[in-house]
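Visitor: Here it is, the structure in full.
The values are calculated or read from the model by the stated rules, or taken from the named source; none is laboratory data. Bear in mind that the values here come from a model prediction, so they are computed numbers and not experimental data. A quick note on method: Cβ atoms are made from the backbone with ideal geometry, for glycine too, and the neighbour counts reach across all protein chains shown.
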């Protein structure tokens with residue numbers, strides 16, 4: 001049989017206590033956290049936290065504050081436009097440096113600030129040598145390449161939709177992927 005536990009023995013529970021989620025609101029990332037996740041080496045201004053209200057002195061009086069320090073303002077970043085076009089050379093699939101760090105910051109900020117925002121990748125391709133089916137496949141491969149690059153930049157793949165449209169671009173350039181920001185359905 002089993003020996004009885006001594007009074008000094010500690011028994012660890014085999015479960016973890018979790019606060020009920022109904023009372024908790026999930027915290028959305030702020031711009032500073034997003035920028036730091038993109039480039040940890042970036043030169044963001046330090047945050048100085050304001051001190052708590054001073055305690056009354058022995059006479060029961062509160063002395064006036066000498067200096068109050070607030071958090072440093074975030075650097076301003078222009079929000080991404082509603083459509084960002086990434087162009088490709090004819091019949092080319094590979095991305096070079098078309099997705100810049102600034103573009104990544106804009107995309108991350110736009111999706112973090114707009115709950116329910118989705119990203120639609122619309123791929124276009126035009127080829128004089130091949131038919132419409134090949135153009136559609138090429139536009140799909142380009143859009144998937146952009147999606148893979150965005151995932152590598154910490155953009156949630158669950159909010160990215162891919163639409164290969166082949167030769168159905170309404171304007172030039174005809175070899176491109178449009179990053180379109182849309183509201184959730």
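Visitor: Being assigned to a helix (DSSP H, G or I) and in contact with a helix residue (DSSP H, G or I) (Cβ under 7 Å, 6 or more places away or on another chain) is the filter here; which residues of the stretch 108-139 pass it?
Guide: The initial filter retains those residues of the stretch 108-139 that are assigned to a helix (DSSP H, G or I), namely 108-113, 132-139.
Of everything in the stretch 108-139, those that are assigned to a helix (DSSP H, G or I) and in contact with a helix residue (DSSP H, G or I) (Cβ under 7 Å, 6 or more places away or on another chain) turn out to be 108, 109, 111, 112.
Visitor: If you scan the stretch 114-125, which residues turn out to be surrounded by fewer than 20 Cβ atoms within 10 Å (Cβ to Cβ) and modelled with pLDDT of 90 or more? Quick ask: steps written out before the conclusion?
Guide: Taking the stretch 114-125 first, the residues surrounded by fewer than 20 Cβ atoms within 10 Å (Cβ to Cβ) are 114-118, 120.
Across the stretch 114-125, the qualifying residues are 118, 120.
Visitor: Here's another thing I want to ask about it. Could you tell me whether residue 95 is part of a loop (DSSP other than H, G, I, E, B), more than 21 Å from residue 158 (Cα to Cα) and at pLDDT 80 or above?
Guide: Working: part of a loop (DSSP other than H, G, I, E, B): yes; more than 21 Å from residue 158 (Cα to Cα): yes; at pLDDT 80 or above: yes.
Here the answer is yes, as residue 95 does meet what is asked.
Visitor: With the condition kept exactly as written, say whether any residue in the stretch 140-152 is in a loop (DSSP other than H, G, I, E, B), in contact with a helix residue (DSSP H, G or I) (Cβ under 6 Å, 6 or more places away or on another chain) and either farther than 11 Å from residue 121 by Cα or modelled with pLDDT of 95 or more (or both). Reasoning before the result, please.
Guide: Pass one, the stretch 140-152, residues in a loop (DSSP other than H, G, I, E, B): none.
No, there is no match, as no residue in the stretch 140-152 is in a loop (DSSP other than H, G, I, E, B), in contact with a helix residue (DSSP H, G or I) (Cβ under 6 Å, 6 or more places away or on another chain) and either farther than 11 Å from residue 121 by Cα or modelled with pLDDT of 95 or more (or both).
Visitor: Here's a follow-up. Any residue at all in the stretch 164-171 that's closer than 18 Å to residue 95 by Cα and in contact (Cβ under 8 Å) with a residue 60 or more places away in the chain?
Guide: Checked against the condition, which is being closer than 18 Å to residue 95 by Cα and in contact (Cβ under 8 Å) with a residue 60 or more places away in the chain, the stretch 164-171 yields no hits at all.
Visitor: Which of the numbered conditions does residue 104 fail, given that it passes all the others? Conditions: (1) surrounded by 18 or more Cβ atoms within 10 Å (Cβ to Cβ); (2) closer than 14 Å to residue 160 by Cβ; (3) touching a strand residue (DSSP E or B) at 6+ places or on another chain (Cβ under 6 Å).
Guide: Exception for residue 104: condition (3).
Visitor: Follow-up. Taking the stretch 153-184, which residues are touching a strand residue (DSSP E or B) at 6+ places or on another chain (Cβ under 8 Å) and assigned to a loop (DSSP other than H, G, I, E, B)?
Guide: From the stretch 153-184, those touching a strand residue (DSSP E or B) at 6+ places or on another chain (Cβ under 8 Å) are 155, 159-169, 173-184; that's our starting set.
Across the stretch 153-184, the qualifying residues are 155, 165, 166, 167, 168, 169, 173, 174, 175, 183, 184.
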